[in-house]
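**Student:** Before we start, here is the structure in question, set down as structure tokens.
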Amino acid sequence: MFKHQAPLKKLTLCLLAIVVITSTVIESEARGRRGRSRRRSSYSSRIRRYIQARQKAYRNAVQNYQKLMQQRQKALAQQQARRNALRRAADQKRRQLEEEKRQKRRESRKNDASRTKKLSESPSTEKAHPKLLLKTYDANKDGKLSRQEVARSPLAKRFDNLDRNRDGQLTLDEVHPAARP
């Protein structure tokens, strides 16, 4: 309910009283009561004028209330439109950022796929030749495997055990001592 309905209810009750009074005055005049004094007829005309003034005030109040409600609805519609525009812009920006992230992931996957084989296609550490492991996972081609390079390989779990000299890199000797060039 709106805050302005209480005055509207008062005005409605006032209008109802005016209508009742007006109808009684009109009925009494319609019956044609004779013998009214001049004083009484002037009193009824004053009541009639008072009722007409109240009716006019009521109509004005209703019109003002309707204008106020229209203005309020218009302001709310504008506010909602602004909110919707901001939401759309934020959603569009979020979708754009997500698409950029997806694109970066695709590019990094392409780069990773070109540098190394997938784990399912990569040689097993037990069965594969150490030179093939080194060639497969050595991304920067320095002849050593760093912790980052083997992070996606089967060697990752055993990196600390295989790194005998604890320098943070695996050489061909450390991966398989018997497979020296």
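Each reported figure results from applying straightforward, stated rules to the coordinates on display, with no laboratory input. Every value quoted in this text rests on a predicted model; they were computed, and no experiment measured them. Because the Cβ atoms are built from the backbone with ideal geometry, glycine has one as well, and the counts that use them run over all protein chains shown.
**Student:** Given labels modelled 7 Å from the Cα in the Cβ direction, how far is it in nm from GLN78 to GLN103?
**Tutor:** About 3.8 nm separates the two model spin labels.
**Student:** I want the local charge near ASP163. Using Cβ-Cβ distances under 10 Å, sum +1 for each Lys or Arg and -1 for each Asp or Glu among the other residues.
**Tutor:** With Lys, Arg at +1 and Asp, Glu at -1, the net is +1.
**Student:** May I ask for log10 I(q)/I(0) of region 130-175 at q = 0.21 Å⁻¹, from a Debye sum over the Cα atoms as equal point scatterers with solvent left out?
**Tutor:** Normalising to I(0) and taking log10 leaves -0.57.
**Student:** Could you order peptides 72-80, 55-63, 131-139 by the average number of other Cβ atoms within 10 Å of their residues, highest first?
**Tutor:** 131-139, 55-63, 72-80
**Student:** Continuing with this model, one more query. Past 20 Å, Cα to Cα: identify those pairs from LYS110/LYS135; LYS104/LYS135; LYS9/LYS56; LYS101/LYS141, in the order given.
**Tutor:** The pairs that break the limit, which is 20 Å between Cα atoms, are LYS104/LYS135; LYS101/LYS141.
**Student:** Residue separation times 0.36 nm, minus the C-alpha to C-alpha distance between MET69 and LYS10: what's the value?
**Tutor:** 19.4 nm
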